[in-house]
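Rule-based calculations on the coordinates, nothing more; no lab input. Predicted, not measured: the structure shown is a model, and the values here were computed from it. So basically every Cβ, Gly included, is an ideal-geometry build from the backbone, and we count neighbours across all protein chains shown.
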Amino acid sequence: MAKHVKFRVGKPKARLDAFQLMANPLTANFLSEERYIDAAASFVDGYYKEDFSRRFLELYEKKRFRELFNCSYNSIEDFYKEGTFRITRKKRILEVYGCLLTAHAAEINQFVKARKFFESAVLEGRLDEALAILEDIEHHVGESIWYIRNKILVLSLKGNLQEMQDFAESCTERSTEQFFSYLISCCLLIASDPLLHHKKRILNGVKELDEAGVNQWSDMLRLIFVPRPFFDSVELLSCLAVIQAFNAIDQYCLLTKLSAEVMAFDDGSDATQSDFKDFIDVLQASIEDECLPSLARLEQAQVDGDSLSLKLTSLYETEQYEDLIRVFVSRFNDIEEPLAFVNLVAKAAAIIKPKYLSEMPGLIYQLIESLSSIYMLSVPPNQVEDKISAVVILLYHFSGSSQLQLSLYKSMPLRYNKSEWVRLAKSALLTTTDCTPLSKLLATDMDPLSSHKYITNKSLLPLHRVLRASLQESVGNGDLELLALQAHFDKVPLAKDFYESVSTYYTRAEQPFELIELCARTLAKNPNAYIAFPMRKIVDFIEEEAVCSLDSVIIVYYYVKKIDSTKDYLLNETYEEFFGVNGTSRPSELLEVLDVRDDRALVLFRDVSSFETMDFLGSFSDSNDLRAERVRIIDYLRDAEVIDPEQHRAEVDEIVVQVVVDAGATEFNVAKIHVNDNALKRLISEDLSSLLSLFKSIKFEKEEKIIRLGADSPDGQATKAVVAGDRNTTLLKMLQLIQNSFLYDEKHGLDKNLSAEIRHGFFSNLMRSKLEEANLLTEVDELGNYKANAYWLNANSLVASDILEDIDKQLKWFSASFNELIAEAEEWMNVSSFDVETNRVFHYRTNANDFQIFLTLADVSTTSDEFFDYCITTLWDTTESCMEEMREKLNVDFKNKVDRLFDELISRITDAKSGVALHGLMTSITQTKSDIREDITTVSEWFKRNTEYASTERSIKDLINISIECFERVRGFRLVVEKEVSCLSPVLIDGQHVKAFIVAFVNILENACRHSGFSQSTEIKIESELKGNSWHVAVSNNLSSAKCSSLNSERISQVVDKMKGPLSLNMMRREGGSGLSKAFNQLRTIDGKFDVDVAKIDSLFRTLITYG
Amino acid sequence: MAKNILIVEDNNHKREKIIGFIKDNFPLWSVSEAHSFTAGCQRVLENVYDVILLDMSLPTYDKSATESGGRFRTFGGREIARKVTRRKIESKILFITQFESFSERGHSQTLESIDKELLVECGAAYLGLIYYDSSKSIWKEKISLALGSLANESFDN
């Protein structure tokens, strides 16, 4: 941010009158550039006489003086060419702006006139016309940020994305100022994806600048890009002085917007309001703009506007919706601010649903369609809110942007807080004369729903409006009015209006339980209706009073889901209490008690009783118990025909996959250390047996000794020793054979296990994963140098380049240091059996004492297996100590080293960023530092002995067993199954296909149980056969007599046709289909050689999987 | 005086260190353990403890060869504490965590801010939130302080 130091300050004690110095040609000509600027600065800030404005304008006519201000610079290359003057008094700054804009009134008037046409053209989708107007404006008044932003906008709306990008790039290239280049790039990003980039780029930029203490510039970004109150809190902006950086057109746009906000701000000091009012008065003297804010409009808020606005409102109130829309469309250009009437039109459109309106181009009709869907409660309001928010961001620089933002508040007054909309409504009212009665009401302290008044005579209003008005106006008990309205529910064209009226009445009448019941019943039918209820008030009441009914569970569920996810604790607790007061600990115990045809009960079981809510109950023994509960619930709902069978099937499939994935995750999370002892025993038994025979045959004829070398260690053992003698060397060979196979066998040894399962991949991947997610690591390029960290460089592009370079340097250092730490830890995870100094933790040395013990063991062992087992036990003892050491090293040494590395990084970045906040980066580093600790703990748990070794490759036999287990876990009951699949032990399936095979097989089992007529008691027989490269598995189940008789050959053909038909898996999901179709498709995804056939053999149904 | 304490902690290494420390310094105390949110919930509802020492983040279920632990609950310990408070169980509650900050749903919280919230939620039962760092001994001093005051208080009584 180079420019924030560009203030010009006058000399404190100028001996001559600054104005005279500059005004007098004789003295002015003798002033150096520096002294002239000093004089100008002294005059601008320190001239106290009342004729300041006149004097200023006099000087401004002089080229030399004029060129000290940015107002005249209307080409990109010259933006912010001149510095800004430091002016200490707010009133004086506004006086200066008043003078500057008055001096440029001619071009501003030209601009204002054209802007109205341009904005109308954009709103109505006449984009070629809009572009032509824009170029005309540029031709007459030059370039400005306003021009650049709008050209990018129109090109984006036209879909000319390449042209848009080229234009933006050419502007950036021409710009000589970093801040202006940044603004242009923001305009481009916002046009591309308003919501995303507003959050990622703009709000982050604002936050960074705020934290760096450069509030003037952060407020400038707010003023240009951030709609308030929608995306930011509304506070007085401090960017007034730096608006000098812009030219006259941009100054005009920014100052009028700022003035409206300040004038609408009640808490602002009277002096400030008065200064801004004076400023606007100055502008009004020379600039003709109906959008200039006027307090008179606010003061006359109850006076209705011209006849056209009255007409639109009246047409709406008297239900002449067709005419209302026709007048709005046909007289669009005559309406002072069309955005002020979009709610009326949208509501009319929601009622009569005219097709032509949705087909009309232009942002305003898209907006009307979105608002219509809010009134109809037909689309989740959050989605519509996002859609409208995107338009709000996109058109924030339009003169009607306050009305645009207000349209959202008008459509959902119960969704937002009054404090949010009052100032916005005032600001909107300051800049537009014509608006609806609701817009005016929102600008007051009155409740918009209970204080609403119609402008039409009551006798002309439709019945539902009269009834709703009566309910609002009812004094004391309004039950009669409520009953009257309820009786005419079907006469209210929009249900949202009904709910809003009744919920407002219940709130006013303090009838919380009636409100809760209506709310729960309504939400269970249509969750989008939450915007028609005062949800926050209701949930606060539920929390304070600990209301734990079915209704309260439903309401809190939707509140957490739609409004505030941080209240999930309340959902959990209300849910738990609800079952508690019903004397149950699990939802399924209430399945028979509650009527699942009641929408609320259905929501309770189908939606609320998810894994995430149920697991809080603490009444399930493990994940599979929880899953079985869920399957019990959805089975019941399917049987009761209240959920779609396909929805049921899809969820069960998903649960099966979870079980499979979870099994994999379990393997990943727990003990990984494995040596296949039995395989090793088989491999070396022949050699070991002959060596043991040799050992036993050697007589004590020759000298046997252990030759000690080197100094003795404190415990009396030699540090090194060699054996001599035939028996000793034979024993050593035996020990080496066993130890080498234990440690180094390529298939089953420890080193292979450490290497394949931990060192090469799992460890470094897991350690790096959180860092990579946070983009804190950079890669090494072909030359071995660390690449720049593009992510954080881009995310902080607003920061000065020298600071960024230094930060990048630190991130590279961190990447290198972290990789060194990983390498160091990986070195610990190696095996060492040599008598050398090493950092390796798995070190195996046989000392002289051990050797003596082995001698004895070899003597007493009768078989080689016996000796092998002794030795392996000793090796595992050593390995257990090594693993303990490894866990300790990871949990303490490694964790501390990683911690210190992060601390060092934080310290280095703190130095490098020179006071800039870099909030995102710092948060990422701190968060990752915490997250990685959990991963280190996970890794330390790997260093435990795994007695159930599982490779990624699985045999068909194993997979059939796993599938049965999965099925039983998911279903929560034991299968009656008889199986003979041993012959398929040698047939292996790649790890990548394991899941597909299990899903297929579970579906076959599911099909068998569902269609046998015996349900859980179905008797299943699984048989297999292997012939060369081909094999098959037959799954047979018994059939009830009814099922048996219905399964004729025609039905079997239908099943086969459906299973193998050309429909894709997705088509089947949509249109229904048996589990066999899924099984067939899953197996085909593994290999085209798979086939599935079904047949009825006697009274059995058989599914035959064949391969080859 | 002998007290009974429940330690709900899923990290074996950390749990062993804490239990070892408590056994060394409060030899009369009876120490029970739970390794997950669910196990912790079940223990506190079935038994009476003078002190419940909770890790802040916990898996839902005990991890085993066939159980990956279910959903990881960033504030699992806090959820247990809320259950204890709601059920008016009169155990003192002490938290211990090795995280310096917690992040859930994109919002991060510091230890200081959580400490304040826990004090409000647990009221008089709250003994504090201790930061566990295996390389330092400060956590031991803090546990000593928290449990020691409780033990002394009982002696006096």
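Here the protein assembly as shown is described by how far its Cα atoms reach on the three principal axes: 126, 88, 77 Å, from widest to narrowest. Computed over neighbours whose Cβ is under 12 Å from that of A:Ser1045, the net charge equals +3, Lys and Arg +1, Asp and Glu -1. Label-to-label distance for A:Leu594 and A:Glu1025 is 5.2 nm, based on points extended 7 Å past Cα in the beta-carbon direction. Using the Cβ-Cβ distance between A:Asp17 and A:Glu173 with R0 = 45 Å, the FRET efficiency computed as 1/(1 + (r/R0)^6) comes to roughly 0.50. Inter-chain Cβ neighbour count for A:483-495, averaged per residue, equals 0 (cutoff 10 Å, partner chain atoms only). If R0 is 51 Å, the Cβ-Cβ spacing of A:Leu683 and A:Val780 corresponds to a FRET efficiency of close to 0.80.
Taking label points 7 Å from Cα along the Cα-to-Cβ direction, A:Arg54 and A:Glu135 give a separation of 4.7 nm.
Rounded to the nearest 10 degrees, the inclination of helix B:76-86 to the longest alpha-carbon principal axis of chain B is 60 degrees. Let me make sure I get this right: for chain B, a, b and c are the square roots of the gyration tensor eigenvalues over alpha carbons, sorted descending. Under 1.5 in a/c it's rounded, otherwise prolate if a/b > b/c, else oblate. Which is it? Rounded, since a/c falls under 1.5. Listed by Cβ neighbour count within 10 Å, with the fewest neighbours leading, A:Cys187, A:Cys239 appear as A:Cys239, A:Cys187.
Packing, taken as the mean count of other beta carbons within 10 Å per residue, orders the peptides A:402-412, A:348-358 from highest to lowest as A:402-412, A:348-358.
Summarise the partner chain shielding of B:57-63 as one whole number: the mean count of Cβ atoms from other chains within 10 Å of each residue's Cβ. Mean inter-chain Cβ contacts per residue within 10 Å come to 4. Exposure proxy ranking for A:Met886, A:Met360, based on other Cβ atoms within 10 angstrom of each Cβ and starting from the fewest, stands as A:Met360, A:Met886. Mean per-residue shielding of peptide A:927-933 is 4, counting Cβ atoms of other chains within 10 Å of each Cβ. With contacts taken as Cα pairs under 8 Å at a separation of at least 6 residues, chain A carries a relative contact order of 7 percent. Rounded to the nearest 20, the Cβ-based charge dipole of the protein assembly as shown about its Cα centre (Lys and Arg +1, Asp and Glu -1) stands at 1000 debye. Each part reduced to its alpha carbon centroid, the stretch A:831-855 and the stretch A:332-376 end up 83 Å apart. Farthest towards the positive end of the charge dipole of the protein assembly as shown, among the residues A:Leu237, A:Leu766, A:Ser1045, is the Cα of A:Leu237, using unit charges on the Cβ of Lys, Arg, Asp and Glu. If you sort the three axes of the alpha carbon gyration tensor as a ≥ b ≥ c, you get a/c of 1.5 or more for the stretch A:366-468 and a/b no higher than b/c, which makes it oblate. Summing charges over neighbours of A:Asp1093, with a neighbour being any other residue whose Cβ is under 15 Å away from its Cβ, gives +3 when K and R count +1 and D and E count -1.
Any idea what angle helix A:463-473 forms with the longest principal axis of chain A, computed on alpha-carbon atoms, 0 to 90 degrees, nearest 10? The angle comes out at about 90 degrees. For B:Asn4, the residues whose modelled amide H falls within less than 5 Å of its own, excluding neighbours fewer than 5 places apart on the same chain, are B:Ser30, B:Asp50, B:Val51. Could you tell me which residue out of A:Ser170, A:Ser685, A:Phe814 lies farthest along the dipole of chain A toward its positive end? Charges go on the beta carbon: Lys and Arg +1, Asp and Glu -1, centred on the Cα centre. With unit charges placed on the Cβ atoms, the residue in question is A:Ser170.
Extension gain, A:Gln284-A:Glu773: 0.36 nm per intervening residue step, less the Cα-Cα distance, totals 170.6 nm. Ranked by how many other Cβ atoms sit within 10 Å of their own Cβ, fewest first, the residues A:Arg55, A:Arg597, A:Arg331 fall in the order A:Arg597, A:Arg331, A:Arg55. Inter-label distance, A:Ala1095 to A:Thr923: 6.5 nm, where each label sits 7 Å from its Cα along the C-beta direction. Which stretch or stretches of the stretch A:914-928 have amide N atoms under 16 Å from the point lying 7 Å from A:Tyr791's Cα along the Cα→Cβ direction? So the set is A:919-928. Sorted on the mean count of surrounding Cβ atoms within 10 Å across their residues, most packed first, peptides A:1042-1052, B:77-87 read B:77-87, A:1042-1052. Each Lys and Arg Cβ is given +1 and each Asp and Glu Cβ -1; about its Cα centre, the stretch A:374-428 then shows a dipole of about 200 debye. Relative protection proxy for A:246-255, A:968-977, A:280-289, from highest mean packing down: A:246-255, A:968-977, A:280-289 (other beta-carbon atoms within 10 angstrom). For chain A, the longest principal axis of the Cα atoms and the long axis of helix A:535-545 meet at an angle of about 60 degrees.
Taking a point 7 Å out from the Cα of A:Arg974 in the direction of its Cβ, the residues of the stretch A:980-1023 whose backbone N falls within less than 15 Å of it are A:1016-1020.
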